[in-house]
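The values are calculated or read from the model by the stated rules, or taken from the named source; none is laboratory data. What you are looking at is a predicted structure, and each value in this text was computed from that prediction instead of being measured. So basically every Cβ, Gly included, is an ideal-geometry build from the backbone, and we count neighbours across all protein chains shown.
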Amino acid sequence: MAKYIKQEFKSINNEGEASAYYRMETSRRVTMAEFIKEISIPGHGISEATAMQVLNQAATSLARLMAHGCAVTIDGIGTFKATIGVCKDKEQDAFVADKPQRNAQSIEVNGVHYHADKALVKAVRCQCTLERGTQSRIKHSPYTLEERIGRAIAFIEEHGYMRTRDYANLNELSLSTATVELRKVRKEESSGIKAIGRGSSLIYVKK
């Protein structure tokens, strides 16, 4: 049986009643050795050695294919695709003609995006029985929305750009709250802030 966490979510203007969204609580992490035993139980016709060999080869092949720009789909599991971004020791560039642009040596793979197969989601849903777990309240910023935007613009003016984590730390928000708030702020023409890039390479600059 799995537990769920009830998470508080308040509107961007901190007005009205707080809403709630739910997420699964991680009961524990299953190790590779445990997973191997799980898929090589008697009657499946797969030994632990064979299962280990197949999984290791799958990991090797996934890395090779994604390194060549492939999105790899495994039926019943999902699709894997590499993500890229500017190297950690390099500053994010912008689409400005008179500023130097990053070349291939400044870009690196920084993660792997995974999108679950609908069949896997359905299988998990059918086998999952939920019970109430803990509740998580959001971290409230001591600043108003206008003040938070002003502090963000000042940060961008000083540093050239801002990441979501910078906004969260600057305004004493949780990372999830900062992400949702910035998604709405950047759509407002009067905010003075726009987004460049996507995923882990997403940054915010002045309009």
Discussion item. Take the residues in the range 177-198 that are in contact (Cβ under 8 Å) with a residue 12 or more places away in the chain and either within 21 Å of Glu8 (Cα to Cα) or outside the structural domain of Gly150 (by TED's automatic domain parsing) (or both); name whichever of them is nearest to the chain's Cα centre (by Cα).
Written reply: Thr179
Item to complete: Can you tell me which residue within the range 132-172, out of those that are of a type in the set (Gly, Ala, Ser) and outside any loop (DSSP other than H, G, I, E, B), is nearest to the chain's Cα centre (by Cα)?
Response: Ala168
Item to complete: Being surrounded by 11 or more Cβ atoms within 10 Å (Cβ to Cβ) and either outside the structural domain of Thr79 (by TED's automatic domain parsing) or assigned to a strand (DSSP E or B) (or both) is the filter here, so list the residues in the range 115-131 that pass it.
Response: His115, Ala116, Leu130
Discussion item. I'd like to verify a number: residues in the range 149-173 that are buried (at least 16 other Cβ atoms within 10 Å of the Cβ) and either acidic (Asp, Glu) or under 24 Å from Tyr21 (Cα atoms) (or both), how many?
Written reply: 6
